[in-house]
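Written out below as structure tokens is the structure these notes cover.
What follows is calculated from the coordinates using simple rules that are stated; it is not laboratory data. As the structure is a computational prediction, the values presented were derived from the model and not from experiment. Every residue, glycine as well, gets a Cβ built from its backbone with ideal geometry; the counts of neighbours run over all protein chains shown.
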Amino acid sequence: MRVAIANFSPPSETTLDFRAYWARYEHPAPEPGVPLMRQSHDWGFHIFAIGSYMLETGVADEVEFWDYRMDRWSGFHPSGILRISFSNNEDLEAYLDRFGEPQLFINYGHIGLPILSRLSRSFRVHIPCAHLTEVQPEAECYLVDREEDVGTRSMLYVPVVQTNAIFPGTGPKLRDFIYLASYCRPKRHDVILNAVRGTQLTGHFHPVNPADMDLQDTKITTSNWYERDIPELLRESRIAVYSGDETSNPAAMWECVAAGLPIVVNENIAGGRHVVVPGVTGEFSSERDFRKTIMRVIERREAYRPREHFEEHWSTINTLNGYLEFFRKMGLKA
């Protein structure tokens, strides 16, 4: 089976002759992938994992990852997945004319919707990465991050975690909280800043540029992409926070839970609410009470059992097997 996974960045404009380029292009020689649970943690683990697992178990013999980038590039990821970058939809269309459609296409986010419609001969899985709109895009099934969006052709999406790399730490805690979220309005870093300004609460934001926000009178440190090791940051923290509202980021939240950190989450978050089991993995909080809730969870953090809950209900291999079984139930022919 040939599989393609896409998490598209915004397309770019170029005058390149796409058809001429793909007419002379040849895929690089295959490289053996590192087994799934021996891979290192990186940004794309939860996205690549299903393709890597399908290669490892023999369900798939080819897996590609598609993205739009300014620099066009192809090469093998350590997982054994072939990464291919395109300029835009027209570029990808020319590639498909040369190499054909995959049997299984898994699309993350709204930018890939035109390609989702184009791949009419593929079995299509759409992961909105936010709540579904009233008009669902055309796909054979969906992985959604709100329980209220689960229907006859959709399943709750739980991003898998490399639990051999992300696990509870036994060393000293260097800070009260960690927030894993890039800086943009829906992530609502201002909620945390307003909650802790003028207090002795210590925290860390990753990945952010400190010039983007006012850290005055706070004890918050920052690091940008690739400046710090995420598993290390998690092990050094007492709890995690997630203050986003018009957003959904269950992947980062699940990493915190898998690291054994109780998590305080904005009660208005748009998706990923299933991460929070009050009294077990963390607590919801209003913006007004965010400081109070942070302090309360820190004080009783030993009473929570986030890692145990994660392993009991959402272990990596069981979750991936659940997705594959769901795809087969929805009509995927392996």
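Between 26, 62, 93, the Gaussian network model of the chain with springs among Cα atoms under 10 angstrom shows the greatest mean-square fluctuation at 26. Between the entries (1) 58; (2) 51; (3) 54, the label attached to percent of Cα pairs over 25 Å apart calculated for this structure is (3).
The range 270-310 and the range 90-111 have their alpha-carbon centroids 40 Å apart. Centroid-to-centroid, using Cα positions, the range 63-78 and the range 22-46 are 9 Å apart. Taking amide H positions as modeled 1.01 Å from N, with prolines and chain starts lacking one, the residues under 5 Å from residue 220 and 5 or more places away or on another chain are 203. Helix 45-57 axis versus longest C-alpha principal axis of the chain: approximately 50°, rounded to the nearest ten. For the range 266-327, trypsin sites (Lys or Arg not before Pro) are listed when DSSP marks them as loop and at most 16 other Cβ atoms sit within 10 Å of their Cβ; the list is 288, 300.
Per residue, the chain reaches -8000 deg cm²/dmol at 222 nm when only DSSP H runs of four or more residues are counted, each adding -39500 (n - 2.57). Would you please give the FRET efficiency between residue 190 and residue 23, computed as 1/(1 + (r/R0)^6) with r the Cβ-Cβ distance and R0 = 56 Å, to the nearest 0.05? That pair, residue 190 with residue 23, gives E of 0.65. Taking 0.36 nm per residue of separation and subtracting the current Cα-Cα distance, fully stretching the chain between residue 199 and residue 38 would add 53.9 nm. Using R0 = 30 Å, the C-beta based FRET efficiency linking residue 284 and residue 164 works out to 0.50. For residue 144, nonlocal amide neighbours, meaning residues 5 or more places apart or on other chains whose placed amide H falls under 5 Å from its own, are 155, 156, 157.
3J(HN,Hα) along the range 278-293: x, x, 10, 9, x, 9, 7, 8, 6, 4, 4, 9, 4, 5, 4, 5 Hz, from the Karplus curve 6.51 cos²θ - 1.76 cosθ + 1.60 with θ = phi - 60°, whole Hz, x for Gly and Pro.
What is the diffusion coefficient of the range 175-313 in µm²/s, taking the Kirkwood radius over Cα pairs and the Stokes-Einstein relation at 37 °C with a viscosity of 0.692 mPa s? Result for D is 225 µm²/s. Going from the residue with the fewest nearby Cβ atoms within 10 Å to the one with the most, 67, 145 rank 67, 145.
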